[in-house]
Amino acid sequence: MILYIHGFGSSGEGRKAKIFREHFRKRGVPFMAPSLSYIPELAIKTLEEIIEMCEDITLIGSSLGGYYAIYLAEKYGLKAVLINPAVRSSKTLKRAIDKTGLALNYYDSSHFEWRKSYLDMLEVLHCDTIERGEYYLMLQTGDEVLDYQEAVNKLPHAKTMIEEGGTHSFEGIERYYTEIENFLRQ
């Protein structure tokens, strides 16, 4: 099974989740993209329960989902495709909070409370060393949210694809379906 982990403020109904779901459905590949809590501790517990209930699981993580995927790949020895991952998410998400302490939910344009304690939860999930997981790092240099070089530095031994231009959401991910599937299945 392929487990897709969405980014901050997104959901299992976000654009990438939907297009991956449709692609893998057509190919007959088991795929799941749960909508996760914005509270990191709850999101990780949900993901761990899914992983522990499933056999032969691989991960695709985007942005904050990439951060979670690194933690989970290291904990369980899994393969993970990381799409513009937030490798220093507590630093990145400190900037994401507006002056009211609210963050945007991209699914329905509502807002949710984002607290410093959530940044602390993210810090607990930080992996200093990369030893157990197997990674395919997919980056676009035009990412307006994250510095792609941080991911390259964090995962120097990962299979890496760096594409000039693009955006944080990774423009044209559909072009890489076959490559992603091949990496996860080999």
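We did not get these values from a lab; they are worked out from the coordinates using the rules stated. As the structure is a computational prediction, the values presented were derived from the model and not from experiment. When we count neighbours, we look across all protein chains shown, and the Cβ atoms used for this are built from the backbone with ideal geometry, even at glycine.
For residue 26, give me every one of the lysines with a C-alpha distance below 23 angstrom, ignoring sequence neighbours fewer than eight places off in its own chain. Within the straight-line limit of under 23 Å, residue 26 reaches these lysines: 16, 18, 79. The sum of -39500 (n - 2.57) across all DSSP H runs of n ≥ 4, divided by the residue count of the chain, sets its helix-only mean residue ellipticity at 222 nm to -11500 deg cm²/dmol.
Sites listed here are GluC sites (Glu not before Pro) in the stretch 120-184 whose DSSP assignment is loop and whose Cβ has at most 15 other Cβ atoms within 10 Å: 131, 144, 164, 171. Sparsely packed loop sites in the stretch 1-55 (the GluC sites (Glu not before Pro) outside DSSP H, G, I, E and B with at most 14 other Cβ atoms within 10 Å) comprise 13, 55. With the cut-off at under 18 Å, measuring from each backbone N in the stretch 63-103 to a point 7 Å along the Cα-to-Cβ line of residue 186 picks out 78-83.
Using the Karplus relation 6.51 cos²θ - 1.76 cosθ + 1.60 with θ = phi - 60°, the per-residue 3J(HN,Hα) values for the stretch 113-120 come to 6, 10, 10, 4, 4, 6, 5, 5 Hz, with x marking Gly and Pro.
Dipole check for the chain: with +1 at the C-beta of Lys and Arg, -1 at the C-beta of Asp and Glu, and the Cα centre as origin, the magnitude is about 200 Debye.
Cα-based values for the stretch 1-78, radius of gyration first and Dmax second, are 11.5, 33 Å. What the pair-distance distribution of the chain shows, using all Cα-Cα distances binned every 10 Å from zero, is 9, 41, 39, 11, 0 percent. Among 143, 128, sorting on how many other beta-carbon atoms sit within 10 Å of each Cβ, with the fewest leading, yields 128, 143.
What full-extension length gain, to one decimal in nm, is calculated for residue 111 and residue 49 as 0.36 nm per residue of separation minus the Cα-Cα distance?
Working: separation 62, 0.36 × 62 = 22.32 nm, distance 2.69 nm.
That pair, residue 111 and residue 49, stretches by 19.6 nm at full extension.
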